[in-house]
Amino acid sequence: MQRLSKSTVEPHKNYPEKVLQFGEGNFLRAFVDWQIDVLNKTTDFNGSVVVVQPLGQGMVEMLNEQDGLYTLYLQGIQDGKAVREHTLIDSISRGINLYSQYDQYVELAKNPELRFIFSNTTEAGIAYDETDRLEDQPQKSFPGKLTAFLYHRFQAFNGDNSKGFIIIPCELIDRNGEKLKEIVLKYAALWNLGEEFVQWINDANTFCCTLVDRIVPGYPRDTIGEITQELGYQDNLVVVGEVFHFWVIEGPAWIKDEFPVHLAGLNTIFVDDQTPYRTRKVRILNGAHTAMTPVSYLYGLDTVAEAVEHPVIGKFIKEIIFEEIIPTLDLPIEELNFFANAVIERFMNPYVKHFLMSISLNSMSKYETRDLPSLLEYINRKNELPKKLVFSLAALMAFYKGKRGEEDINLADDQDILELYKEQWATFDGSIESVRSIVTNVLGYEKNWKMNLNEVPGLTDAVTNYLFEIVSNGMEKAVEAVLGEKAKQ
């Protein structure tokens, strides 16, 4: 069977190289490069991507062997129906290995049509390394590599402001564009690149902060044999992603004129402030994941899909989202409900087996960042405790007991958290007094919560009662009891 290349498929158009992309991994190919492919096919964007391999080891050689082509499978639930579709992506023109082709990288800076820079170098990628030097080929850090490229561009066009870039990082850190620009300016100072270059960075380039959202499982090792038969060609870069996608780009509205996602039906938006959307994602999607995990796992379930589809646990999850999390958020209710329904469809994705135990890693800090803000804001707005978020906190304490029936739970957290729970559960004697002691000490662990949660009115009593119910009667009866509290009101 032939390997995928432009000689084995129908002729494809060659687009001008408008995009420099740091990273050749699964996410960027299933998210950014896919969107550029859609733009090329539905708008007048007319641009291709030059991919830079930022690390010594990578997939650029394989990408070049396939002429930049690869197949994207999108799978999931859409409008209540299972969807599985694939498309050939041809938005990448070529790849450059910075460690063996640095001269091509420098030459690319002279291309007048180049306009966009995208990146995804992991959360650790946007970092400053004071040992980086301009003369390195390449620099060690991603911001160092970028600064060198920008300086070559500045020199090539004599500081022409029309030759700057729209820079859109996709790393999963808050205010990613601002942090990247801050480090670029630090390198400009470290390397003494001059005030004119700094002025050009500020005036000619636009650094955007972003929020990206699409689950990308990546290369389908388990099913690649079937996929190869289905495609009729060998593709070593097949990538699988979920159908859902969402991209929030914080930047000036004029960028849409050059990157017309609004004309292509893409779920990508330009905003003045991405904060409400980041809060929405963290509170609804991530918050629901963290809140459901101990409840669902101790109930006897193992995956997210099983939990959402379960008649009892599914009801619990939906009530947490719609009745306790959404009322604490400030976006229009229609947007919040739309996103929440999309999240539930994503949780039900039959093509992704998302194990609850994989979500349980560092659950204490996750609850503090994802769920505690909703709990406290609910109290602030409603002047009462959100029962199910409080119940999930009690379930979390039960989870850290380390047992599901007779089965040991492989707890994964920082050592101080594990020791805290080991000490606390060693004092448990079956009485509600011993439960109260555990709850009081855990809620008072300010290193995790950044506050003493015993000071929240009524919280210690409520968590104590729920935890005593869980350890005395089991999760099944405890969940039914908390769901029944609403019916009694």
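The values are calculated or read from the model by the stated rules, or taken from the named source; none is laboratory data. Note that the structure is a prediction, hence the values are computed from the model and not measured. Here the Cβ positions follow ideal geometry from the backbone for every residue, glycine too, while neighbour counts run over all protein chains shown.
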Practice task
Please verify whether the range 269-280 includes one or more residues that are closer than 30 Å to Phe45 by Cα, assigned to a helix (DSSP H, G or I) and touching a strand residue (DSSP E or B) at 6+ places or on another chain (Cβ under 8 Å).
Solution key: yes
Exercise for the section: Determine if the range 253-260 includes at least one residue that is modelled with pLDDT of 95 or more, in the same structural domain as Pro220 (by TED's automatic domain parsing) and assigned to a strand (DSSP E or B). Expected result: no
Practice task
Go through (1) outside any loop (DSSP other than H, G, I, E, B); (2) buried (at least 22 other Cβ atoms within 10 Å of the Cβ); (3) in contact with a Leu (Cβ under 7 Å, 6 or more places away or on another chain) and name the single condition Val50 misses.
Solution key: (2)
Problem - Selection status of Ala188, within 26 Å of Gly164 (Cα to Cα), assigned by TED's automatic domain parsing to the domain that holds Gly25 and under 24 Å from the mean Cα position of the chain (by Cα) - result: no
Practice task
Scan the range 335-376 for residues that are within 13 Å of Ala288 (Cα to Cα) and free of Cβ contacts under 8 Å to residues at least 12 places away in the same chain and jot them down.
Solution key: Asn341
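Condition check ((1) out of contact with any strand residue (DSSP E or B) (no Cβ under 9 Å at 6 or more places or on another chain); (2) more than 24 Å from Asp103 (Cα to Cα)) across all residues:
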| residue | (1), (2) |
| --- | --- |
| Pro16 | no, no |
| Val19 | no, no |
| Phe22 | no, no |
| Val32 | no, yes |
| Ile36 | no, yes |
| Leu39 | yes, yes |
| Phe45 | no, yes |
| Leu55 | yes, no |
| Met59 | no, no |
Problem - Any hit, the range 403-412, residues being of a type outside the set (Gly, Ala, Ser) and part of a helix (DSSP H, G or I) - result: no
Handout entry: Any hit, the range 150-160, residues being among the aromatic types (Phe, Trp, Tyr), in contact with a Leu (Cβ under 7 Å, 6 or more places away or on another chain) and more than 19 Å from Val32 (Cβ to Cβ)
Key = yes
